[in-house]
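FYI, it's all coordinate maths here, none of it is from the lab. In this text the structure is predicted, and so the values were computed from the model without any measurement. Virtual Cβ from ideal backbone geometry, glycine too; neighbours counted across all protein chains shown.
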Amino acid sequence: MTPPHAQPAKNPNRGASYSTLLRVAGPVLLGSLTQSIIYLTESLFVGRLGEVSLAAIGMGGLLFYLLTTVGAGLGLALQVVVARRMAQGRPGAARRQFAAAGHLALLLSGGLAVLLWLLAPPLSAALLPTPAAAAQVARYLRVVSLAVPASFGWLWLVGLYTGLGQTRLIPWSALGITVANILGSYAWIGGGFGAPRLGIAGAAWATVLSEGVGFVVLLVGLLWPAQAGLGGWLRKWRWHRRATRRLLRFAGPVVLQQVVEVSSWLAFFVLVGQLGIRALALSNIARSLYTFASLPALALAAALQTLVSRYVGQGRQAAVLPTVRRATVLAALLGLGPALALLAVPAQLAGWFSDEPALAAASVPLLRLLAGLLLAFSAGTMLSNAVVGVGGSDRALGMEVGATATYLLAAWGTVHLGLPLAAVWATEFAYWNLLGVLGWRYLRRGRWQPLH
């Protein structure tokens, strides 16, 4: 019998509450705004240069995003590993794997930046349907290759901050990135503030500036820490072979999963390009709004990944599924607002990107379709991220490959049947539904792999 003044013990298997999920996801949401703000800002400013430029920035932004996805996957893996090691009371192991991730980020970003600069012209010519669009993409990629190292550095540090649960500085870095990108885009794309009018190359220079600002803000937070738990992470910087090998064993599938996911976007845009420049321009508008509207779910997914990794590290496996359920419900609720806006005022939203009334009118069926896609995305992304969080990075990669192959095959079929652009985009339902079903089946079985 419980004593009259005693507090009942909290159920350790209940999982994270809605308020806990929101508290962890809030700063991550602001941090997630960075890449989306960059992509959205560039599309908004470049769209005023014409339909060809709008199509070109969509493809160029995807190619840059594809490279930085390697850094994002590395950061996600570091986030899970750090959360698990700290929950196990092994801060030394967490520090060694943080250093290993830093060395990998430096090596990979330098190599990929050089590769992007060298391959920009032939790659653009191979992917774009017209020489004019290809030339603009090549100009963009040559400049934006300079932003790759800073982007990797920022993602590496975000992985550490999020894994530690010390996310207060992430919103400030996001604010720095956002302000720098907006000011840079205004100055260099259209010639604002008396700056030279560089067109699509100006968008790339704005990205270089903003990625550098974001990295410096988080680096300063480690050099002069204001939060407990952030001190000393940069003191021991030597390479650890065993830590690197262990990190790669877990990070490899995570990175490949991220690359496969973004590569599917690139392949999808190449397929859409067969329908013409207008279809590419419309798809860039749709992707810009889709990416921005999905930010709450992406932030919740990052929070969920950290929380379930922590629960498994603490031996609280029974808390995982309740947390996943709450995160999925919360993501769907947060997606309702953007979905209603896409249903209610699609032409007005498209008008932000172009002065051409015909382009805005043509986007209406596509943007209304996105409202439904947002809800499917909310469930699918929660479940796939939870699989990674419990240590199933190999399984998550297999799920990603299977869902991507199904979705791209369906998209190829709709393009070659001559169906409308909205029908091509509707194939995304197959991707997210399959990913969600496979993720839920894996989580229900509970046969999760420990991180050694």
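Structure notes:
- Using the rule -39500 (n - 2.57) for each DSSP H run of four or more residues, divided by the residues of the chain, the 222 nm mean residue ellipticity is -27500 deg cm²/dmol.
- Segment Trp352-Ser17, length gained on full extension (0.36 nm per residue, minus Cα span): 116.8 nm
- The chain: angle of helix 51-87 to the longest principal axis, Cα-based, in degrees nearest 10: 10 degrees
- For Asn433 and Arg197, the FRET efficiency from 1/(1 + (r/R0)^6), where r spans their Cβ atoms and R0 equals 51 Å, is about 0.65.
- Scanning the chain for chymotrypsin sites (Phe, Trp or Tyr not before Pro) in DSSP loops with at most 15 neighbouring Cβ atoms within 10 Å leaves 1-236 as the longest stretch between them.
- Placed amide H near Ile189: partners under 5 Å, 5+ positions off or other chain: Leu198
- What the phi angles of segment 182-187 give under the Karplus curve with 6.51, -1.76 and 1.60, with θ = phi - 60°, is a coupling list of 5, 5, x, 5, 4, 6 Hz, glycine and proline written as x.
- The orientation-averaged shadow of the Cα convex hull for segment 18-445, equal to a quarter of the hull surface, comes to 19.2 nm².
- Between the alpha-carbon centres of segment 149-182 and segment 209-281 there is a gap of 11 Å.
- Loop-located trypsin sites (Lys or Arg not before Pro) in segment 197-247 (DSSP state not H, G, I, E or B) with no more than 16 neighbouring Cβ atoms inside 10 Å: Arg197, Arg235, Lys236, Arg238.
- Efficiency of FRET from Cβ geometry, Ala226 and Ala405, R₀ 41 Å, rounded to 0.05: 0.30
- Its Kirkwood hydrodynamic radius, worked out from the mean inverse distance over all distinct Cα pairs, puts segment 364-452 at 13.9 Å.
- Counted residue by residue at 0.36 nm each, then reduced by the alpha carbon distance between them, the extension gain from Gln317 to Gln88 reaches 81.0 nm.
- The mean sequence separation of alpha-carbon pairs under 8 Å and at least six residues apart, normalised by the residue count of the chain, gives a relative contact order of 22 percent.
- Neighbour-count ranking [beta-carbon atoms within 10 angstrom, fewest first] of Val254, Val388: Val254, Val388
- Selected from Leu421, Val148, Leu230, residue furthest toward positive end of dipole (the chain; charges at beta carbon): Leu230
- Approximate spin-label separation Leu248-Arg444, in nm, with each point projected 7 Å along Cα-to-Cβ: 3.8 nm
- Between Val179 and Leu234, the FRET efficiency from the beta-carbon distance, with R0 = 25 Å, is close to 0.45.
- Between the listed residues Val390, Ala302, Thr69, the Cα displaced farthest toward the positive end of the dipole of the chain, a dipole computed from Cβ unit charges relative to the Cα centre, is found at Val390.
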